[in-house]
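The values are calculated or read from the model by the stated rules, or taken from the named source; none is laboratory data. In this text, all values refer to a predicted model and were calculated from it rather than measured experimentally. For neighbour counting, all protein chains shown are included, and Cβ atoms are generated from backbone atoms with ideal geometry for every residue, glycine included.
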Amino acid sequence: MKITLNVWRQNGPNDKGRFETYVRTDVSEHMSFLEMLDVVNDDLESQGKEPIVFEHDCREGICGACGFMINGVPHGHRARTTTCQLHMREFKDGAEITIEPFRAKGFPVVKDLMVDRSAFDRIIQAGGYISIRTGSTVDANATPIGKEIADQAFDAATCIGCGACVASCPNAAAMLFTGAKLSHLNLMPQGQPERYQRTQDMVTAMDAEDFGHCSNFGECTVVCPKGISLDVIAQMNRDHLRAQWKLRSS
Amino acid sequence: MQVQVADTPLQSNAPTGDIRTAWDRHRFDIKVVNPANKRKYTVIVVGSGLAGASAAATLAELGYNVLCFCFQDSPRRAHSIAAQGGINAAKNYQNDGDSIWRLFYDTVKGGDYRARESNVYRLAQVSVNIIDQAVGQGVPFAREYGGMLANRSFGGALVSRTFYARGQTGQQLLLGAYQALSRQIADGNVTMFPRTEMLDLVIQDGHARGIVTRNLMSGKLESYCADAVVLGSGGYSNVFYLSTNAMGCNVTAAWRAAKRGAYFANPCYTQIHPTCIPVGGSYQSKLTLMSESLRNDGRVWVPKDPKHCWDEGSGRLGADPTTLGTEQRDYYLERRYPTFGNLVPRDVASRAAKMACDEGKGVAFGGRGVYLDFAEAVGRLGKDGVAERYGNLFEMYQRITGDDPYSTPMRIYPAPHYTMGGLWVDYNLQSNVPGLFVIGEANFSDHGSNRLGASALMQGLADGYFVLPYTIGHYLAQVGARPKSTESSDFKAAEDAAEGRIKKLLGMSGTKSVDSFHRELGLKVWEHCGMARTREGLTELLGEIPKLRERFWSEVNVPGNDRGVNQSLERAGRVADFLEFAEVLALDALTREESCGGHFRVEHQTEGGEAKRNDEDFSFVSAWEYTGEDSQPVLHKEPLDFEYVKLTQRSYK
C-alpha cells in the first residue's frame, strides 16, 4: 500500500509545531498503525533523524498509553478500537492520513504526539478508591453482589484512561472519565460509605483541572475504545446533586 | 561446559518444621518496627505493577515513607494490566475439593519440582486473602446470579479456583492496587515518580541504599536515598524481542542490580504461552496473547495432510479449515493427552504445537501456527454463550487478523510471555544484597520452571500486599533508621557511570536503528534458547551475543540529545542491557543439563518426547553472580529439598 502521512511535529511544549509529510510505498495491510509508524521511525533513526514521538506500551488495547488524532478522530475511525489495535487494512491504498496529538487544554503537548495526561491521576487521587487498608476486609463472599449490578459496575470499570473522551469533546470535558470511575465504585455495595464524599471530591478535582463541562454532544462515548456509556455522566450528575444535599446536612 | 561454582550453598532462610505453620511462626519470630518509628524509614519501590503498587500502598498504610517509580506516564499503565485470564485462590467456593494443600501441590508439580516448597505453601495460604482484599477494593469479579463469586478452571488445574473479571482480570486487579496507591499519594505517604527510569542501584557499606534515575521528560539524572530498595520491575521476556510483553518491559532495573552484586536466579526458566496470535510478517513489533481460558472450550488441531497447510511458494496460510472433515484433522492434544486434553499445562501445549509445525503441519505465516477451533463450543453453547465467555477476546482477534473466530478457527502459536527466573531472593524476599528486596515477576521465587495459569497475578499481589510488608520490617528493625543523603562517593560514582553510558550511546554515529539490534538479538535467542534448546545451539548463541554487542556499540545510531524526551535513547539503554543479560540466560540454559518445565533441552527427553528432569544432579536453584564484563559469572547453588511433595515425572496423559 502507498500511504501519505501528515504528522504533527512539535519539539517541546513551547515549540510552535508544524506538519511534516512522510510517504511510504511499502505498507502492508496486515501492519498495525503503530507498526507502520515504527517503520517510518526506524528509517528516521538510521538516518540520524529524530523519530516521531508517540506513546504506546501494551499494544493490546488495554494499558491506555497510546492515542492520537487520526484524520481528526481520537484512535481513528474504527469503533471501539485503540490506536494500537487499528490495522492498515482499514485504510485504502493511496490514502492520505493526518496525525495530530490530542488537542485539549487539560492535556498539554509534551512532544510531537505525546501529551501530558497526569490530570487523570489527580482526579483519581481525589477520591477514586475505596478507603480500606490491606488485610482489613471481610471474606469475599460475605458481600453478595447481584450479577446485574456487578456487570454494570464492570462496564464502567473497563475505562483505560486513554483520554480519547477529552480529545473528542468540543469542551474538552473529562466527565466520561470521571463518571466511569464514579459509576464503578458508587454502584457497588463496597463503595456506598464514601459515595457522596467521593463524588464531591472527584468532581471538585475535575473542575480544578483545565477541563470543560459536558454539553451532551456525546462524541466521547462514540470514540471511547471501551464503549463507556453516557449513563455514567448522568449517574455522576445525579450523585453530585445528592451530594450537595447530603454533605450539607451532615 | 565448566563454570566456577561457589563453595557455600545459598540459604533460603525459610523456617524449619511443619510447613503448615511455618509462615505464622516466622511472622512471630521476625522483628517488628515500632509503629511510631515507621515514619523514620524511607522505602524505594521501583515499578507500579501488581507487585509494586500493592507493596507501595501497603507500606505507606503501615506508616513508612515510600518513593515509588515507574517509567510509564501513570502507574495505572504497568503491564500487569494486560493479564487476561484470572487469579487463583484456594477458596474452595465451588466445593470441588480445593484446599491450600492442593493449590500448593499443584503449583509445585506444575513448576516441575524446581520451586522452593516453603514459598509456594505461603503463596497458597495468602491467596485467599488476596481475593478478600480485591473485593473490598471494589474489583468487579465475575458473579453468579445469586451474587456469589464465579470461578472457572484454568490450564493444568482439575478444580475451579480461578477468579476472573471477564478477560480483563489484570486490568481490574491493577486498577484496585493503583487506587489504593492513589489514596496513599493523596495522603502524602507515597511520592510518585512517573516517567522515571531506574538506571542504577547504589550500594553503601554492603547495603542497598538508593537508586539513580533518569527523568524521561527532562532527561535529568537524579539520585534517591532510602533505607531499603524494593524492585518490582517485571520480567525479561522482551529479550526475545517478539513477546506478549508491553513494548517498554525491560530487564534494566534487575540487570543493573545484578551488576551491583545481586544474584540472577534461573534465567533459563522462561514461559512460552501456547495461545498467541501468530507472527504476520517481518514488521511485527509484538505478539498478542489470547487468554488461555480459550482452551476450556476451544479444540486445538492441525490438518493431517501437509498439503492442507502453509505453502511457502504461494504464501497461502492453509486450506480453508471449515472444509476439512474430522477425519482430516489431528486433534493432537486430545490424542496425546486423553485426561487433560486441550487443558495440558502451558509448556506441554507449547511444545506440542511446535512439534506439529516442525512436521510441516503449520497453518500460519512461515508454517508457524495451529488452529484453535470453537465450532463445537458454538454448537453446544450457542453464539451468545460463547460471546458471554470470550466476547472481548474474539473481538480483539478479529481486529488484529480480520478473521471471525465464530465462523472459522483461530490461528494460534506459542510466544514468550512470562519469565519464572529473576533476581534470587530468600524466604523474606530479600536478595543476597541486604536491603534489596525483589517482588513479583522480577524475582525467581514461586513458579519453579513453569508457571501455572492465573498464578502470576496471585504471586504479584501476595508479595506486595501480604509478604513483603512484614518481612521488610525485619530488616529495617535490625539496621535502624539511617541518615538519608545522596551526597556520597557511592552515589556520585553511580551517577557518573550512568551519565557516561548515556554520553557514549549518544556519541555513536552508526547507521543502524536501535530496534534493528533488538530484533536481531531476539531472533537469535528465540532460535537457540526458545521452546527447544540444544548444546550446539546454545554454544553458538554464546559465541554470537558478544559479537552482536560489539556491533551494537559501533554501528547503532541514537539521535537527539540527553535533554528532554528521547525515546530512542530510552530504548537504546534497555537494548544494551538485554545484550548483556542474554549471555547469562544462554549460559544458564547450557549448564542445566536436564529438561524441566519451560526449559526443554532436546538432549534430555523421554521416549514420548516429554521433558526429562535430572533430580539427582539438578535439584537446585542456579543463582549467577556477575563478576565483570569479560569474565564468566560464578554459580551459586541453592539446594531444593522436597519434604512434602513427592517428586514424580509430570504426566498429563
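Results, tabulated for the structure shown:
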read-out	value
Residues (touching a residue at least 60 places away in the same chain (Cβ under 8 Å) and at positive phi) located in region A:75-109	A:HIS75, A:ARG80, A:GLY94
Subset of region B:170-198 (residues that are within 11 Å of chain A (Cβ to nearest Cβ) and either touching a strand residue (DSSP E or B) at 6+ places or on another chain (Cβ under 6 Å) or polar (S, T, N, Q) (or both))	B:GLN171, B:GLN172, B:GLN179, B:SER182, B:GLN184, B:ILE185, B:VAL190, B:MET192
Filter pass, B:TYR470 being in contact with a Lys or Arg (Cβ under 7 Å, 6 or more places away or on another chain), part of a helix (DSSP H, G or I), among the aromatic types (Phe, Trp, Tyr) and farther than 30 Å from B:PHE154 by Cα	yes
Unmet requirement for B:ALA353, which otherwise passes all of (1) more than 30 Å from B:HIS636 (Cα to Cα); (2) in contact with a Ser or Thr (Cβ under 8 Å, 6 or more places away or on another chain); (3) crowded, with 24+ Cβ neighbours inside 10 Å	(2)
Output for region B:381-413, where each listed residue is touching a residue at least 40 places away in the same chain (Cβ under 8 Å) and more than 27 Å from the chain's Cα centre (by Cα)	B:LEU381, B:VAL386, B:SER407, B:THR408, B:PRO409
Within region B:127-157, considering residues that are more than 9 Å from chain A (Cβ to nearest Cβ) and surrounded by 22 or more Cβ atoms within 10 Å (Cβ to Cβ), the one modelled with the lowest pLDDT	B:GLY156
Those residues of region A:165-195 which are in a loop (DSSP other than H, G, I, E, B) and more than 10 Å from chain B (Cβ to nearest Cβ), in sequence order	A:CYS169, A:PRO170, A:ASN171, A:ALA172, A:ALA174, A:GLN192, A:PRO193, A:GLU194
Where B:ALA498 falls short, out of the listed (1) in contact (Cβ under 8 Å) with a residue 60 or more places away in the chain; (2) in contact with a strand residue (DSSP E or B) (Cβ under 8 Å, 6 or more places away or on another chain); (3) under 19 Å from B:ALA582 (Cβ atoms)	(3)
Some residue of region A:177-184 being crowded, with 23+ Cβ neighbours inside 10 Å and either among the acidic types (Asp, Glu) or in contact with a Pro (Cβ under 9 Å, 6 or more places away or on another chain) (or both)	yes
Close pairs (6 angstrom Cβ cut-off, 6 or more residues apart or separate chains): at the interface with chain B (Cβ under 7 Å from one of its Cβ atoms) in region A:151-162, modelled with pLDDT of 95 or more and part of a loop (DSSP other than H, G, I, E, B) anywhere	A:ALA153/A:MET188; A:ALA153/B:PRO140; A:PHE154/B:PRO140; A:ALA157/B:PRO140; A:THR158/A:LYS226; A:GLY161/A:GLY64
Where a residue in region B:233-262 is in contact (Cβ under 8 Å) with a residue 60 or more places away in the chain and surrounded by 24 or more Cβ atoms within 10 Å (Cβ to Cβ) and its partner, wherever it lies, is in a loop (DSSP other than H, G, I, E, B) and basic (Lys, Arg), with Cβ under 8 Å and at least six apart	B:SER243/B:LYS286; B:THR244/B:LYS286; B:ASN245/B:LYS286; B:ALA246/A:ARG59; B:ALA246/B:LYS286
Within region B:431-451, tally of residues that are more than 18 Å from the chain's Cα centre (by Cα) and among the polar types (S, T, N, Q)	1
Per-region count, region B:389-410, residues surrounded by 24 or more Cβ atoms within 10 Å (Cβ to Cβ) and either basic (Lys, Arg) or in contact with a strand residue (DSSP E or B) (Cβ under 7 Å, 6 or more places away or on another chain) (or both)	1
For B:MET198: the one exception among (1) more than 24 Å from the chain's Cα centre (by Cα); (2) closer than 30 Å to B:ASP562 by Cα	(1)
Whichever residue in region B:73-82 is buried (at least 24 other Cβ atoms within 10 Å of the Cβ) and part of a loop (DSSP other than H, G, I, E, B) and, among such residues, is farthest from the other protein chains (Cβ to nearest Cβ)	B:ALA78
Test: residue in region B:18-30 that is touching a Leu at 6+ places or on another chain (Cβ under 7 Å), of a type in the set (A, V, I, L, M) and over 19 Å from B:VAL438 (Cβ atoms)	no
Count of residues meeting criterion [within 11 Å of chain A (Cβ to nearest Cβ) and either within 25 Å of the chain's Cα centre (by Cα) or at positive phi (or both)] in region B:519-565	3
Members of region B:83-114 that are buried (at least 23 other Cβ atoms within 10 Å of the Cβ) and either β-branched (Val, Ile, Thr) or part of a helix (DSSP H, G or I) (or both)	B:ILE87, B:LEU103, B:PHE104, B:ASP106, B:THR107, B:VAL108, B:GLY110
Some residue of region A:5-27 being at pLDDT 95 or above, within 14 Å of chain B (Cβ to nearest Cβ), surrounded by 23 or more Cβ atoms within 10 Å (Cβ to Cβ) and within 25 Å of A:PHE211 (Cα to Cα)	no
Qualifying residue in region A:121-143 (condition: more than 20 Å from B:SER54 (Cβ to Cβ), within 9 Å of chain B (Cβ to nearest Cβ) and aromatic (Phe, Trp, Tyr))	no
Extreme residue, farthest from B:SER513 (Cα to Cα), among residues of region A:45-61 that are surrounded by 17 or more Cβ atoms within 10 Å (Cβ to Cβ) and of a type outside the set (D, E, K, R)	A:GLY61
A:ILE97 vs. criteria in a strand (DSSP E or B), out of contact with any Cys (no Cβ under 8 Å at 6 or more places or on another chain) and of a type outside the set (Phe, Trp, Tyr)	yes
Test result for A:GLY72, more than 8 Å from chain B (Cβ to nearest Cβ), within 21 Å of the chain's Cα centre (by Cα) and at positive phi	yes
Test result for A:PHE54, in the same structural domain as A:PHE91 (by TED's automatic domain parsing), of a type in the set (Phe, Trp, Tyr) and either within 25 Å of B:SER218 (Cβ to Cβ) or at pLDDT below 95 (or both)	yes
Residue among B:GLY170, B:GLY176, B:GLY188 that alone is surrounded by fewer than 24 Cβ atoms within 10 Å (Cβ to Cβ) and either part of a strand (DSSP E or B) or at pLDDT 95 or above (or both)	B:GLY188
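Each row is one residue, and each column tells you yes or no for (1) in a helix (DSSP H, G or I); (2) touching a strand residue (DSSP E or B) at 6+ places or on another chain (Cβ under 9 Å); (3) within 30 Å of B:LYS220 (Cβ to Cβ); (4) of a type outside the set (Val, Ile, Thr).
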site: B:HIS518; (1), (2), (3), (4): yes, no, yes, yes
site: B:LYS524; (1), (2), (3), (4): yes, no, no, yes
site: B:HIS528; (1), (2), (3), (4): yes, no, no, yes
site: B:GLY537; (1), (2), (3), (4): yes, no, no, yes
site: B:ARG549; (1), (2), (3), (4): yes, no, yes, yes
site: B:ASN561; (1), (2), (3), (4): no, no, yes, yes
site: B:GLY573; (1), (2), (3), (4): yes, yes, yes, yes
site: B:ASP588; (1), (2), (3), (4): yes, yes, no, yes
